[in-house]
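Colleague: Sharing a structure, written as structure tokens. Questions coming.
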Amino acid sequence: MNNQNLLIALASCLLAPLAVLAEPSSKKCNSPTTVIESVRLFDGLEIRPVATVVIQCSLIEKVLDDPSEFQAAEDAIVVDGRGKTLVPGLIDAHVHAWRRGQLERALHFGVTMKLDMGSSRGLALEMRAEEARGENITDTRRIVQIWKSGEPFESAQQ
């Protein structure tokens, strides 16, 4: 692999997670707000001993250090976070996801994003079809597979 291809592959690996963050959701959110109260929070930079986290439509809307700053709606799901620690989702930047169980197991350990370095295109397509039918909550907008030969990215879109 020459230096130009290596540079393109490296830049692609670093920028791929941003594509997921930048794409607006095409689905409407009908879920109630979730509020995690009085939780110890590690936000990736510092530990906040007591925080309130407000989640709307699967996205963190607010993080408050003073719980009195927020009043949850009546239909909100309120989680008591006392005695617990909340951390950001982890990223595994090199996986070969051949079976669904591998992905599910990783989620139990806090890995919420995986970059697939070559595995089963069929699994990606199957999961995308399930999501379209409403059978799977996995975000498959950007399932990216990186291969050693050919183009740096092969996206499962068909």
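Residues are listed down the side, and each one gets a yes or a no for (1) out of contact with any Lys or Arg (no Cβ under 6 Å at 6 or more places or on another chain); (2) modelled with pLDDT under 75; (3) surrounded by fewer than 15 Cβ atoms within 10 Å (Cβ to Cβ):
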{"site": "Leu86", "(1), (2), (3)": "yes, no, no"}
{"site": "Leu90", "(1), (2), (3)": "yes, no, yes"}
{"site": "Ala93", "(1), (2), (3)": "yes, no, yes"}
{"site": "Arg99", "(1), (2), (3)": "yes, no, yes"}
{"site": "Asp116", "(1), (2), (3)": "yes, no, no"}
{"site": "Ser120", "(1), (2), (3)": "yes, yes, no"}
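Colleague: Additional query: Evaluate the following for Gly81: is it modelled with pLDDT under 90 and of a type in the set (Gly, Ala, Ser)?
Modeller: Criteria not met by Gly81.
Colleague: Let me ask something else. In the stretch 29-47, how many are within 30 Å of Gly134 (Cβ to Cβ) and part of a strand (DSSP E or B)?
Modeller: Initially, the stretch 29-47 is screened for residues within 30 Å of Gly134 (Cβ to Cβ), giving 29-36.
Adding the requirement that they be part of a strand (DSSP E or B) leaves 34-36.
Count: 3.
Colleague: Would you be able to say whether some residue in the stretch 137-148 is modelled with pLDDT of 80 or more and exposed (fewer than 15 other Cβ atoms within 10 Å of the Cβ)?
Modeller: no
Colleague: To continue, here is another question. Using beta carbons and a limit of 9 Å, which pairs, at least six apart or on different chains, have the first residue in the stretch 27-50 and at positive phi and the second one modelled with pLDDT of 90 or more and surrounded by 17 or more Cβ atoms within 10 Å (Cβ to Cβ)?
Modeller: Ser38/Ala51; Ser38/Thr52; Ser38/Gly81
The values are calculated or read from the model by the stated rules, or taken from the named source; none is laboratory data. Bear in mind that the values here come from a model prediction, so they are computed numbers and not experimental data. Note that we place each Cβ from the backbone using ideal geometry, even for glycine, and neighbour counts take in every protein chain shown.
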